[in-house]
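Everything on this sheet refers to the single structure shown next.
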């Protein structure tokens with residue numbers, strides 16, 4: 001449904017996708033980005049305000065949804081960031097090998113269809129010593145919550161353009177060629193837990 005995807009969905013995400021618990025994590029982790037940065041599936045640009053312009057020389061914002069790009073362009077104008085928009089999906093990163101110092105992914109690996117392809121692409125474009133910053137919904141360690149995640153997942157998949165609740169994010173990142181440097185996990189709301197279990201942290205590309 002292109003109309004929903006390009007017009008309604010961007011507004012839905014823009015209005016509901018940044019409650020205080022999520023915003024607090026963004027405020028903590030996004031300023032870690034430095035140098036030349038790639039943000040995959042940048043969405044409506046909701047992370048832009050949290051980058052430190054004195055540490056980020058350029059930001060490539062990869063986003064295939066034209067409605068999202070329109071919203072992100074408005075947010076970019078309120079920052080001091082040098083942003084170049086790339087209108088391609090996260091599985092198709094149009095940058096050279098070892099081209100960036102930091103890659104940022106927030107609520108992308110839990111949504112993107114070709115998740116392993118995207119992670120391997122992230123590893124390809126990162127320079128040696130480069131950092132991968134992630135913040136994703138993912139599989140709960142609680143078996144009862146997992147059952148609810150499995151029950152709700154088809155609804156979320158349709159409503160939020162492919163969102164998965166049951167991906168094991170740390171395992172996917174590790175199998176994609178990274179070493180987890182630091183990771184935290186938790187429920188960002190007490191109810192419903194099945195909608196709010198997240199992982200956030202950093203990873204380094206395996207040599």
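The values are calculated or read from the model by the stated rules, or taken from the named source; none is laboratory data. If you're wondering where the values come from, they're calculated on a predicted model, not measured in any experiment. With ideal geometry, Cβ positions are generated from the backbone for all residues, glycine too; neighbour counts draw on all protein chains shown.
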### Criterion violated by residue 117 - all others in (1) in contact with a helix residue (DSSP H, G or I) (Cβ under 9 Å, 6 or more places away or on another chain); (2) free of Cβ contacts under 8 Å to residues at least 40 places away in the same chain; (3) under 19 Å from residue 39 (Cα atoms) satisfied
(1)
### Query
Being touching a strand residue (DSSP E or B) at 6+ places or on another chain (Cβ under 9 Å), modelled with pLDDT under 95, surrounded by fewer than 19 Cβ atoms within 10 Å (Cβ to Cβ) and assigned to a strand (DSSP E or B), is that true of even one residue in region 119-128?
yes
### Task
With respect to residue 54, determine if the residue is in contact with a helix residue (DSSP H, G or I) (Cβ under 7 Å, 6 or more places away or on another chain) and either modelled with pLDDT under 95 or in a loop (DSSP other than H, G, I, E, B) (or both).
no
### Task
Please indicate, with yes or no, whether at least one residue in region 132-141 is assigned to a helix (DSSP H, G or I) and surrounded by 13 or more Cβ atoms within 10 Å (Cβ to Cβ).
no
### Query
For region 59-73, how many residues are outside any strand (DSSP E or B), within 17 Å of residue 112 (Cβ to Cβ) and touching a residue at least 40 places away in the same chain (Cβ under 8 Å)?
2
#### Entry: Selection count, region 177-193, where residues are under 19 Å from residue 166 (Cβ atoms), in contact with a strand residue (DSSP E or B) (Cβ under 9 Å, 6 or more places away or on another chain) and either touching a residue at least 60 places away in the same chain (Cβ under 8 Å) or not in a strand (DSSP E or B) (or both)
2
#### Entry: Unique residue being touching a residue at least 60 places away in the same chain (Cβ under 8 Å), under 23 Å from residue 25 (Cα atoms), assigned to a helix (DSSP H, G or I) and touching a helix residue (DSSP H, G or I) at 6+ places or on another chain (Cβ under 9 Å) when the list is 173, 112
173
### Task
Please identify the pairs in which a residue from region 88-102 that is on the phi > 0 side of the Ramachandran plot has its Cβ atom under 9 Å from the Cβ atom of a residue that is exposed (fewer than 13 other Cβ atoms within 10 Å of the Cβ) and in a strand (DSSP E or B), counting only partners at least 6 apart or on another chain.
98/128
### Task
Could you check, for region 147-161, whether at least one of its residues is under 16 Å from the mean Cα position of the chain (by Cα), over 17 Å from residue 29 (Cα atoms) and surrounded by 15 or more Cβ atoms within 10 Å (Cβ to Cβ)?
yes
